[in-house]
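The values are calculated or read from the model by the stated rules, or taken from the named source; none is laboratory data. Source: prediction; values computed, not measured. As a convention, Cβ positions derive from the backbone with ideal geometry for all residues, glycine included, and neighbour counts pool all protein chains shown. Just the protein is used for accessible areas: all its heavy atoms, side chains included, with ligands, DNA and RNA removed. Shrake-Rupley method; radii C 1.70, N 1.55, O 1.52, S 1.80 Å.
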Amino acid sequence: MTTNSSKQRNLWIWLIVIWFFASGILSLASFFAVQFGAIPLSPSQRADFDRLGMLDHLAGVLSATLNVGAAISLFRLRRLALYLFWAAFAISVLLAGWQATGRGLGGSLVELGIGLCLLGAACIYTQKLGAQ
């Protein structure tokens, strides 16, 4: 997985790259837009956002940044993508566990499951690519 030939970028690589790059950029943009007041929130939404601690915010930003980095590395067909995807997966699982024990997951359980399944699938696929 260290060659730069565009012929080796199959449909799955393109889908993974587009999904994780776009979702990571959108996550980062929305976080900073809310943080700096560019997106107005209702009082209950603002209370929920403010209730999150520094660790929650840092883990979310780090996870999104790792997803963007992993997508770029996968596009460049670099082995680093494997480690970045697994790091993002580990942080996401730890963050979900942290939030579940501290605040409960509420109605976001389905979204969390889908997100972790997609990230886990990207990890497994990238690992298979690395083995080839």
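Placing a label point 7 Å from the Cα of Leu15 along the Cα-to-Cβ direction, the residues of segment 107-132 whose backbone N falls under 17 Å from that point are 114-129. Residues in the chain average 61 Å² of solvent-accessible surface per residue, probe 1.4 Å, ligands and nucleic acids excluded. Here the label points at Cys117 and Thr101, each 7 Å from Cα along the C-beta direction, are separated by 2.6 nm in the simple model.
Using only alpha-carbon positions in segment 64-120, the gyration tensor eigenvalues give semi-axes of 26, 11, 7 Å once each is multiplied by 5 and square-rooted (largest first). How large a share of the accessible area of segment 1-127, in percent, is made up of carbon and sulfur atoms when the probe is 1.4 Å and the other protein chains stay in place? Roughly 72 percent of what the probe reaches on segment 1-127 is carbon or sulfur. As a rough guide to protection, the peptides 63-75, 86-98 ranked by mean Cβ packing within 10 Å, highest first, stand as 63-75, 86-98. Three principal axis extents describe the C-alpha atoms of segment 1-71; from largest down they are 51, 22, 16 Å. Remark: C-alpha extents of the chain on the principal axes read 51, 31, 22 Å, sorted largest to smallest. Compute a Gaussian network model of the chain, connecting alpha carbons closer than 10 Å, and tell me which residue from Gln35, Gln45, Gln99 fluctuates the most. Result for the chain, Cα springs under 10 Å: Gln45 fluctuates most. Name the most mobile residue of Ser23, Ser42, Ser108, meaning the one with the largest mean-square fluctuation, in a Gaussian network model of the chain with Cα contacts below 10 Å. Comparing Ser23, Ser42, Ser108 in a Gaussian network model of the chain, the most mobile one is Ser42.
Of the DSSP H helices in the chain, those with a Cα length along their own long axis of 24 Å or more and a mean Kyte-Doolittle hydropathy reaching 0.0 comprise 11-35, 54-75, 80-102, 109-131. Between Arg79 and Leu26, the simple spin-label model (points 7 angstrom out along Cα→Cβ) gives 3.4 nm. About the centre of its Cα atoms, segment 1-87 shows a dipole size close to 500 debye [charges on the beta carbon of Lys, Arg (+1) and Asp, Glu (-1) only; nearest 20 debye].
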